[in-house]
Amino acid sequence: MRTSRSGAASGRNAPVFSGFRLLSEFSVDPRSLSVNYLTTQNFLTTMVVGGVFERHPALRFGVIETGGYWVGPACEQMDMWYEHSTSFGTEKSFRLPRRPSDYVRRNVRVSCFDFEPVDTYIRRYGLEDVLCFATDYPAHRRRHEPRGQMAVATGPARPDVVRKFFVTNGRWLLPD
């Protein structure tokens with residue numbers, strides 16, 4: 001297979017993915033969205049299970065422009081490792097005193113794309129303290145109002161959860 005600097009070997013330029021370039025920073029075609037978070041997830045997992053947030057409980061970690069669809073399953077994976085780590089022969093290795101997802105909920109905030117079903121993620125994974133709204137306003141490339149789109153995406157969430165998503169969680173990343 002021939003490769004090029006443009007990413008043709010990865011399938012990025014396949015005709016089926018044409019027309020998906022909605023954002024100027026990156027592509028939101030299905031192939032790109034399926035992998036764009038992987039380096040972030042790897043880095044965050046390393047920090048969590050490596051005990052960084054245990055040693056530095058006030059550390060704040062923000063993940064912006066990778067979407068929020070990956071963080072719930074990442075928490076599940078880390079918690080599965082944690083619950084079964086003794087069966088992997090790790091009895092003598094470092095053991096976190098809390099589940100990895102507890103550190104994510106305490107120390108991490110993740111912004112979502114404006115088309116994601118945030119209410120589903122919150123309901124499914126309990127991420128009301130993790131997910132937050134973000135925008136690159138006043139960028140003119142947007143064809144719609146992201147706050148309105150996100151209000152729809154947060155669905156029938158409780159008012160305190162909606163406030164966390166739109167105000168509190170993002171503010172937590174930028175302390176006074």
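The values are calculated or read from the model by the stated rules, or taken from the named source; none is laboratory data. Keep in mind it's a predicted model, so treat the numbers as computed, not measured. Glycine gets a Cβ as well: all are built from the backbone with ideal geometry, and neighbour counts include every protein chain shown.
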#### Entry: Single residue of the range 54-88 satisfying the filter (under 24 Å from L174 (Cβ atoms) and hydroxyl-bearing (S, T, Y)) that is surrounded by the most Cβ atoms within 10 Å (Cβ to Cβ)
T66
### Task
All but one of (1) at pLDDT 70 or above; (2) assigned to a helix (DSSP H, G or I) hold for A9, so report the exception by its number.
(1)
### Message
List the residue pairs whose Cβ atoms are under 8 Å apart, where the first residue sits in the range 95-106 and is touching a residue at least 40 places away in the same chain (Cβ under 8 Å) and in a helix (DSSP H, G or I), the second is among the aromatic types (F, W, Y) and surrounded by fewer than 18 Cβ atoms within 10 Å (Cβ to Cβ), and the two are 6 or more positions apart or on different chains.
### Response
P100/W81
### Message
Conditions first: (1) at pLDDT 80 or above; (2) closer than 22 Å to M47 by Cα. S93 passes all but one, so which condition is the exception?
### Response
(1)
